[in-house]
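What follows is a single structure, written as structure tokens, with notes after it.
The values are calculated or read from the model by the stated rules, or taken from the named source; none is laboratory data. The structure displayed is predicted, hence computed values, not measured ones. As a convention, Cβ positions derive from the backbone with ideal geometry for all residues, glycine included, and neighbour counts pool all protein chains shown.
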Amino acid sequence: MSINQWTTTLVVATAGHVWVAKSITFDGDFYHLHNARIVRRWGTQRGLNQLVNGPTKDTELDDPAPLVTIVPPAMIALIPCNDDRWPAW
């Protein structure tokens with residue numbers, strides 16, 4: 001699957017930043033996170049990957065940003081999520 005086809009995705013970047021983005025595009029120079037929210041508190045029992053199946057009752061998210069742009073060296077991981085388990089915002 002091409003990154004330009006990904007929908008809801010957890011994004012781990014340097015300095016401990018974790019976002020959940022409704023879509024991601026890559027233009028060859030930058031990753032663009034669309035409708036992204038910082039995951040302020042994971043609220044999981046089994047680590048970050050538990051959020052693949054949606055937020056828990058204890059997950060805390062910041063308000064959405066329409067666009068977040070990240071340079072590739074700052075990217076650590078992209079984790080595709082079960083889109084049906086994440087609410088719309």
- Query: So how many residues does segment 35-52 have that are out of contact with any Lys or Arg (no Cβ under 6 Å at 6 or more places or on another chain) and within 14 Å of residue 63 (Cβ to Cβ)?
  - Reply: 5
- Answer yes if at least one residue in segment 60-69 is at pLDDT below 95, part of a strand (DSSP E or B) and farther than 17 Å from residue 89 by Cα, and no otherwise. no
- Query: Out of segment 7-26, which residues are in contact (Cβ under 8 Å) with a residue 60 or more places away in the chain, surrounded by fewer than 18 Cβ atoms within 10 Å (Cβ to Cβ) and either part of a strand (DSSP E or B) or hydrophobic (A, V, I, L, M, F, W, C) (or both)?
  - Reply: 12
- Item | Lone qualifier among 83, 58 - being exposed (fewer than 15 other Cβ atoms within 10 Å of the Cβ) and in contact (Cβ under 8 Å) with a residue 40 or more places away in the chain | 83
- Note on the structure: Across (1) among the hydroxyl-bearing types (Ser, Thr, Tyr); (2) exposed (fewer than 15 other Cβ atoms within 10 Å of the Cβ); (3) touching a strand residue (DSSP E or B) at 6+ places or on another chain (Cβ under 6 Å), residue 31 clears everything bar (2)
